[in-house]
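Following: one structure in C-alpha cells, then a few remarks.
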Amino acid sequence: MEYRIETKEAFDIFGIETIGSSISDERYQSPAQLWQKCHREGLYEKLFTDSGDLPSFMPQDLCKIHGAVNYRKTEDNTFPYMLCCFIGNNSNTEGYIMEHIPAQTYAVFPSKRFKWDENIGAILTTLQKRFYSEWLPTSNYEKIDGAEFEIYGGTKVYGYIEIW
C-alpha cells in the first residue's frame with residue numbers, strides 16, 4: 001500500500017461541523033449526510049467562497065474543502081466531523097467552527113486518480129478499510145488519538161483523495 005510519512009506544523013481549520021455516531025444512532029448525522037446537506041443548501045459553495053487562498057504549506061492542486069474527523073473529544077461512541085478549509089490569506093471564518101490542529105506526524109495514503117463522476121464515497125471507504133486491515137496491523141506504527149483528514153485534490157477532470 002502506497003504511503004508517506006509527513007510531519008505537519010500546527011495549523012488552523014474552519015468549517016461546518018456535525019457530530020457522528022460510531023454506533024448506529026439516528027440522532028446523529030453521518031459525514032455523508034453532512035456533505036449532501038451542504039451541497040443541497042448551498043453551504044458548500046459559501047464555504048468555498050469563504051475559504052480564501054490555500055496556505056503556502058499546502059500543495060496548490062488541492063481542493064479548498066476537505067473532511068476532518070476526531071480533532072476534538074466528544075461523548076462516548078461519537079466523533080466530530082467537519083467540512084473544513086485550511087485558514088489562509090483572505091479566509092472569512094465568521095460564523096464557522098474553528099479548530100487549532102497541533103503539530104503532528106501523519107501517515108498519508110493517496111488514492112489512485114479517478115474521474116470526479118465516480119463514487120467518491122466508495123473510493124474513500126476502500127482506502128480507509130485498506131489502512132485499517134492491511135497497513136496498520138503490519139506496520140511498526142501506532143495510531144494515536146488525534147485529527148485525521150480526507151484531503152481532496154486534482155484537476156477539473158481527475159481527482160485524488162489522501163487520508164492523513
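How many residues are open to solvent by less than 50 Å² (accessible area, probe 1.4 Å) and over 23 Å from LYS143 (Cβ atoms) when one looks only at region 85-116? Please lay out each step first, then the result.
Kept after step one, since they are open to solvent by less than 50 Å² (accessible area, probe 1.4 Å), are these residues of region 85-116: 85-86, 88, 91, 93, 96, 99, 101, 104, 106-111, 114.
Then keep just the ones that are over 23 Å from LYS143 (Cβ atoms); that gives 85, 88, 91, 93, 96, 114.
The number of residues fulfilling the criteria is 6.
Give region 109-162 a look and list any residue that's under 23 Å from TRP35 (Cα atoms) and of a type in the set (A, V, I, L, M), or say none.
Within region 109-162, ILE120, ALA122, ILE123, LEU124, LEU127, ALA147, ILE151, VAL157, ILE161 qualify.
Is there a residue in region 41-61 that is in contact with a strand residue (DSSP E or B) (Cβ under 6 Å, 6 or more places away or on another chain) and among the β-branched types (Val, Ile, Thr)?
Within region 41-61 (the criterion being in contact with a strand residue (DSSP E or B) (Cβ under 6 Å, 6 or more places away or on another chain) and among the β-branched types (Val, Ile, Thr)), the answer is no, since none of the residues qualifies.
Here's a check for you: in region 124-164, which residue that is polar (S, T, N, Q) and assigned to a loop (DSSP other than H, G, I, E, B) is most open to solvent (accessible area, probe 1.4 Å)? Give the steps one after another, and end with the answer.
Applying the first criterion (polar (S, T, N, Q)) to region 124-164 yields 125-126, 128, 133, 138-140, 155.
Those still in the list that are assigned to a loop (DSSP other than H, G, I, E, B) too: 139-140, 155.
Working: SER139: 26, ASN140: 157, THR155: 84 Å².
Here the residue is ASN140.
Go through ASN70, ASN77 for me and flag whichever is among the polar types (S, T, N, Q), under 17 Å from the mean Cα position of the chain (by Cα) and closer than 30 Å to SER24 by Cα.
Numbers: ASN77 fails: under 17 Å from the mean Cα position of the chain (by Cα).
It is ASN70.
Might you check whether a residue that is loosely packed, with under 11 Cβ neighbours inside 10 Å, free of Cβ contacts under 8 Å to residues at least 60 places away in the same chain and touching a Pro at 6+ places or on another chain (Cβ under 9 Å) occurs anywhere in region 67-75? Show your work before the answer.
To start, the set of residues in region 67-75 that are loosely packed, with under 11 Cβ neighbours inside 10 Å comprises 73, 75.
Pick out the ones that are also free of Cβ contacts under 8 Å to residues at least 60 places away in the same chain and you get 73, 75.
With the extra rule that they be touching a Pro at 6+ places or on another chain (Cβ under 9 Å), the set shrinks to 73.
Looking through region 67-75, at least one residue is loosely packed, with under 11 Cβ neighbours inside 10 Å, free of Cβ contacts under 8 Å to residues at least 60 places away in the same chain and touching a Pro at 6+ places or on another chain (Cβ under 9 Å).
Kindly list, by first and then second residue, each pair from a residue in region 116-143 that is modelled with pLDDT under 90 to a residue that is among the charged types (D, E, K, R), limited to pairs with Cβ atoms under 8 Å and residues at least 6 apart or on different chains.
Pairs found: TRP116/LYS156.
The values are calculated or read from the model by the stated rules, or taken from the named source; none is laboratory data. Given the structure is predicted, the values throughout are model-derived calculations rather than measurements. Glycine gets a Cβ as well: all are built from the backbone with ideal geometry, and neighbour counts include every protein chain shown. Surface areas here come from the heavy atoms of the whole protein model, side chains and all, with no ligands, DNA or RNA. Shrake-Rupley method; radii C 1.70, N 1.55, O 1.52, S 1.80 Å.
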